[in-house]
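Encoded as structure tokens, the structure appears first; notes follow it.
The values are calculated or read from the model by the stated rules, or taken from the named source; none is laboratory data. Values in this document were obtained by computation on a predicted structure and should not be read as measured data. Reconstructed Cβ throughout: ideal geometry from the backbone, glycine too, with neighbour counts over all protein chains shown.
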Amino acid sequence: MTNPILQVEKLVKRYGDVEAVRGVSFNIEEGEVFGLLGPNGAGKTTTVEILEGLRTLDSGRVSVCGLDPQRDSEALKQEIGAALQATSLPDKLRVIEAIRLFASFYKRQRDAQELLKRFGLDDKKNSFYGQLSGGQKQRLALAMALVNDPRVCFLDEPTAGLDPQVRREIYDVIEELRRDKKTVLLTTHYIEEAERLCDRVAIIDHGVVIALGTPRELKARSGGATRIEVRLSKPESNGTLKTLEGVVDAREVDGAFVLHSQRPPQTIVSLVKHLEAGGNELISLEIATPSLEDVFIEMTGRRLRD
Amino acid sequence: MKNFAALTRMRVQLAFRNKMFFFFVIVMPFAFFFLYAGVFAKSVPRIVSFYLGPVLAFNVMGSFWGLSATLVLFREQGILRRFHVAPVSASDLLASSIVANYVLTLPTVVLELLFARFIFHVPGLGNPISLFILTSIGIVSFGSLGLVIASVTNTMQETQVLNQLLWLPLIFLSGATFPLAYLPRTVQRFGLFLPATYLVNGLQQTVVNSATPWSRYVEILSLSFWALITFFLSAQLFRWEPEAKVPRRAKLLVAATAIPFLLLGVVENMSDRVLHEAQTAFEMFTSAPSSARPASLGVPRKPAGDKNPPGGNPN
């Protein structure tokens, strides 16, 4: 097995009394698109910013392209590209100027025109940054993350706050990075994003990695069971719901009952029978194919979406 | 070096696209210039030449407003973070701010000098080398002060409050707006602890008495030393992240920037050199016009030479 291009070992970061990251470990191989999936405040951004050399760590060990982000900060910055969260550019800077300015900081540079074309910003190249839409700003951020043809690319919540259509545009761009065999570390709190774009995903919650694997492996871990979500007029005990036909797991999440079933049709029939017998009523019923959300619910008892 | 040049270019470009810049760096200094030369000095060349040094100093000192505000804005908006993740150093960013500000401010000073000479017929602009050195050090040192202000304030609001708090004494107690000789004795004494007073006096002596750089060595050295420590400190205290707060030790370090002028103030309060010079210049322009012209032309090169005791306050 080759040496991983990015290594994180027992990483810990505290802000005052709060432990934002509590012993996170994972490796990323060259050419892999790796996702950190978790709710807001899980410690994703902190982890990424430590890897980028923007923050110091309290304990643990990290290495990116064989470099220590703190000690070899200058050399590291030549090798990485990043689209940060909570960042911007001067409003009166033109798109082409921004790309050229940032390209000028690096030893290795990509052609500004070609990048703009590729990110669909060609007709916006003379616009001021302040005039761009949210999606255009995000595409520019991604283009700027690639100006130095980086060996590792960090994309921190690249689609947060964008509407679904713009989000899909960004997905196309990231999929292209995957086809180019770029190494990408992506953070997200969107299940769909992690499933669609990532080769491997680490699910992170409260500063701890709670599951790690390919999306397929992770889903298989929850038994490949279908999720059935029901709302009932009267409360039921999880214990009785677990005894229904085909049900492997049942729990209450935010007032709804989430059942995981190996045989959904049989489960539904037996659920309805059970409710009728107990004088209870079904208010709503939803069926979802297995997703990473199920893994998260199983591990934490909470939903990933906030 | 390459980063520094690219960043300087960006800052100059952005300044030209910024309406606020036009107001503060171009409209305001010229308005101030014409107010003093045209209204207060009533276009009398001799009086314009008396006010020219203070007006130039006023313009030069304004540097710190723009630099502190821009740096804080860049930090608050997360623009600095973007540079941080690229191979850009804090000193690249800070030095480019200083140089861009210099490139933008120097032409306004030159224009004011040309206006004074050709519109208001000021007979002589003084020693050009002294003018150049003092203006340059003034722009750089007060620019660095702006960078320090940006490092010790967390929000734009705090920055603007601190700017005001510094600006008012700097312009009113240094001779930049009211001639130093006009001010009560205690205020004059206090003024000797302000860097602004030395810039004003240096420039005024340069214009009025054509003072040489050698005779202005106190002003030149003290302001240069101050520029060095403020710039060094701004690099030490530089923060990329909006949520990074000012460390407590920073406030102590900032107090250290006052030390050179505290020491110099003590020395100057004992020797009365600056007050005496300001007084003589003041008397020269308040005396009868017929005698003033030859006097201002006739006192070249050795302004520090005459040791007349300082005259009484004209008020």
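Scan segment B:12-69 residue by residue and report those that are small (G, A, S) and under 18 Å from B:V99 (Cβ atoms).
Kept after step one, since they are small (G, A, S), are these residues of segment B:12-69: B:15, B:31, B:37-38, B:41, B:43, B:49, B:53, B:57, B:62-63, B:66, B:68-69.
Selection gives B:A15, B:G62, B:S63, B:G66, B:S68, B:A69.
Between a first residue in segment B:109-121 that is more than 9 Å from B:L52 (Cβ to Cβ) and a second residue that is not β-branched (V, I, T), which pairs have beta carbons less than 7 Å apart while being 6 or more apart in sequence or on different chains?
Every condition considered, the pairs that remain are B:V109/B:L56; B:V109/B:N59; B:F115/B:F33; B:R117/B:L125; B:H121/B:P45.
Out of segment A:33-45, which residues are surrounded by fewer than 21 Cβ atoms within 10 Å (Cβ to Cβ) and either in contact with a Lys or Arg (Cβ under 6 Å, 6 or more places away or on another chain) or of a type in the set (G, A, S) (or both)?
A:G41
Could you pull out the residue among A:A141, A:A86 that is in a loop (DSSP other than H, G, I, E, B) and among the hydrophobic types (A, V, I, L, M, F, W, C)? Don't jump to the end; show me each part of the working.
Values: A:A141 fails: in a loop (DSSP other than H, G, I, E, B).
Going through A:A141, A:A86 in turn, the sole match is A:A86.
Please find, among A:V24, A:V95, A:V33, the residue that is closer than 24 Å to B:P87 by Cβ and among the β-branched types (V, I, T). I'd like the intermediate steps shown before the answer.
Working: A:V24 fails: closer than 24 Å to B:P87 by Cβ; A:V33 fails: closer than 24 Å to B:P87 by Cβ.
After ruling out the rest, the residue left standing is A:V95.
Report yes if A:G66 is surrounded by 21 or more Cβ atoms within 10 Å (Cβ to Cβ), of a type outside the set (A, V, I, L, M), away from chain B (no Cβ under 13 Å) and out of contact with any helix residue (DSSP H, G or I) (no Cβ under 7 Å at 6 or more places or on another chain), otherwise no.
Values: surrounded by 21 or more Cβ atoms within 10 Å (Cβ to Cβ): no; of a type outside the set (A, V, I, L, M): yes; away from chain B (no Cβ under 13 Å): yes; out of contact with any helix residue (DSSP H, G or I) (no Cβ under 7 Å at 6 or more places or on another chain): yes.
No, not satisfied.
How many of the residues making up segment B:76-90 are more than 31 Å from the chain's Cα centre (by Cα) and in a loop (DSSP other than H, G, I, E, B)? It would help to see each step written out before you state the result.
As a first pass, look at segment B:76-90 and keep what is more than 31 Å from the chain's Cα centre (by Cα): B:82, B:85-87.
Remaining after also requiring in a loop (DSSP other than H, G, I, E, B): B:85-87.
Looking only at that region, the number is 3.
Does A:K77 count as over 21 Å from B:S89 (Cβ atoms), free of Cβ contacts under 8 Å to residues at least 40 places away in the same chain, within 10 Å of chain B (Cβ to nearest Cβ) and charged (D, E, K, R)?
Numbers: over 21 Å from B:S89 (Cβ atoms): no; free of Cβ contacts under 8 Å to residues at least 40 places away in the same chain: yes; within 10 Å of chain B (Cβ to nearest Cβ): yes; charged (D, E, K, R): yes.
Spelling it out, it is not the case that A:K77 is over 21 Å from B:S89 (Cβ atoms), free of Cβ contacts under 8 Å to residues at least 40 places away in the same chain, within 10 Å of chain B (Cβ to nearest Cβ) and charged (D, E, K, R).
Any residue in segment B:60-72 that is at positive phi and either crowded, with 17+ Cβ neighbours inside 10 Å or more than 9 Å from chain A (Cβ to nearest Cβ) (or both)?
First pass over segment B:60-72, keeping only residues at positive phi: none.
No, every residue in segment B:60-72 fails to be at positive phi and either crowded, with 17+ Cβ neighbours inside 10 Å or more than 9 Å from chain A (Cβ to nearest Cβ) (or both).
Any residue that is free of Cβ contacts under 8 Å to residues at least 60 places away in the same chain, in the same structural domain as A:A211 (by TED's automatic domain parsing) and among the aromatic types (F, W, Y) - is there at least one of those in segment A:12-30?
Yes: one or more hits.
Being touching a residue at least 24 places away in the same chain (Cβ under 8 Å) and either among the aromatic types (F, W, Y) or in contact with a Lys or Arg (Cβ under 6 Å, 6 or more places away or on another chain) (or both) is the filter here, so list the residues in segment B:155-210 that pass it.
Scanning segment B:155-210 gives B:W167, B:Y182, B:F193, B:Y198, B:G202.
Where residues in segment A:5-32 are buried (at least 17 other Cβ atoms within 10 Å of the Cβ) and outside any strand (DSSP E or B), which of them is farthest from the chain's Cα centre (by Cα)?
This residue is A:I5.
What is the number of the single condition among (1) farther than 22 Å from B:G66 by Cβ; (2) part of a helix (DSSP H, G or I); (3) of a type outside the set (F, W, Y) that B:P123 does not meet?
The number of the failed condition is (2).
Let's see how each residue does on (1) more than 16 Å from A:E195 (Cβ to Cβ); (2) over 32 Å from the mean Cα position of the chain (by Cα); (3) surrounded by fewer than 20 Cβ atoms within 10 Å (Cβ to Cβ); (4) touching a residue at least 24 places away in the same chain (Cβ under 8 Å):
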{"residue": "A:R221", "(1), (2), (3), (4)": "no, no, yes, yes"}
{"residue": "A:P235", "(1), (2), (3), (4)": "yes, yes, yes, no"}
{"residue": "A:K242", "(1), (2), (3), (4)": "yes, no, yes, no"}
{"residue": "A:L271", "(1), (2), (3), (4)": "yes, yes, no, yes"}
{"residue": "A:H274", "(1), (2), (3), (4)": "yes, yes, yes, yes"}
{"residue": "A:I283", "(1), (2), (3), (4)": "yes, yes, yes, yes"}
{"residue": "A:A288", "(1), (2), (3), (4)": "no, no, yes, yes"}
{"residue": "A:L292", "(1), (2), (3), (4)": "no, no, no, yes"}
{"residue": "A:V295", "(1), (2), (3), (4)": "no, no, no, yes"}
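Where in segment A:216-306 are there helices (runs of 4 or more DSSP H), lying wholly inside it, with at least 3 residues that are within 25 Å of A:P39 (Cβ to Cβ)?
Values: elements: A:238-242, A:264-277, A:292-300.
The qualifying helices (runs of 4 or more DSSP H) are A:292-300.
Hey, could you check segment A:107-126 for residues that are crowded, with 19+ Cβ neighbours inside 10 Å and either within 12 Å of A:D149 (Cα to Cα) or within 11 Å of another protein chain (Cβ to nearest Cβ) (or both) and say which is farthest from the chain's Cα centre (by Cα)?
Residues of segment A:107-126 that are crowded, with 19+ Cβ neighbours inside 10 Å, as a first pass: A:112, A:115-116, A:119, A:121, A:124.
Filter once more, so that each one left must be either within 12 Å of A:D149 (Cα to Cα) or within 11 Å of another protein chain (Cβ to nearest Cβ) (or both): A:112, A:115.
Numbers: A:A112: 28, A:L115: 24 Å.
So the residue we want is A:A112.
Hey, can you tell me all the residues within segment A:33-43 that are out of contact with any Pro (no Cβ under 9 Å at 6 or more places or on another chain) and either at pLDDT 95 or above or part of a strand (DSSP E or B) (or both)? Steps first, please.
So in segment A:33-43, the residues out of contact with any Pro (no Cβ under 9 Å at 6 or more places or on another chain) come out as A:33-34, A:36-43.
If the condition is that a residue be out of contact with any Pro (no Cβ under 9 Å at 6 or more places or on another chain) and either at pLDDT 95 or above or part of a strand (DSSP E or B) (or both), then A:V33, A:F34, A:L36, A:L37 are the ones that fit.
Can you find, within segment B:10-28, the residue that is surrounded by the most Cβ atoms within 10 Å (Cβ to Cβ) among those that are more than 8 Å from chain A (Cβ to nearest Cβ) and over 21 Å from the mean Cα position of the chain (by Cα)? Please lay out each step first, then the result.
Initial filter on segment B:10-28 (more than 8 Å from chain A (Cβ to nearest Cβ)): B:11-12, B:15-16, B:19-28.
Restricting the remaining residues to those that are over 21 Å from the mean Cα position of the chain (by Cα) gives B:16, B:19.
Values: B:F16: 11, B:K19: 9.
Going through the qualifying residues, I end up with B:F16.
Looking at (1) more than 9 Å from chain B (Cβ to nearest Cβ); (2) within 23 Å of B:R75 (Cβ to Cβ); (3) at pLDDT below 95, find the lone condition where A:T87 falls short.
(1)
For residues that are under 15 Å from B:M10 (Cβ atoms) and either within 13 Å of another protein chain (Cβ to nearest Cβ) or surrounded by fewer than 22 Cβ atoms within 10 Å (Cβ to Cβ) (or both), tally how many sit in segment B:78-96. So that I can check it myself, show each step before the final result.
Of all residues in segment B:78-96, those under 15 Å from B:M10 (Cβ atoms) come to B:79-80, B:82-83, B:86, B:88, B:92-96.
Checking the rest, the ones that are also either within 13 Å of another protein chain (Cβ to nearest Cβ) or surrounded by fewer than 22 Cβ atoms within 10 Å (Cβ to Cβ) (or both) come to B:79-80, B:82-83, B:86, B:88, B:92-93, B:95-96.
Within segment B:78-96, residues that are under 15 Å from B:M10 (Cβ atoms) and either within 13 Å of another protein chain (Cβ to nearest Cβ) or surrounded by fewer than 22 Cβ atoms within 10 Å (Cβ to Cβ) (or both) number 10.
Using the structure shown, decide if A:L57 is in a loop (DSSP other than H, G, I, E, B), surrounded by 15 or more Cβ atoms within 10 Å (Cβ to Cβ) and more than 9 Å from every other protein chain (Cβ to nearest Cβ).
Numbers: in a loop (DSSP other than H, G, I, E, B): yes; surrounded by 15 or more Cβ atoms within 10 Å (Cβ to Cβ): yes; more than 9 Å from every other protein chain (Cβ to nearest Cβ): yes.
For A:L57, the condition - in a loop (DSSP other than H, G, I, E, B), surrounded by 15 or more Cβ atoms within 10 Å (Cβ to Cβ) and more than 9 Å from every other protein chain (Cβ to nearest Cβ) - is met.
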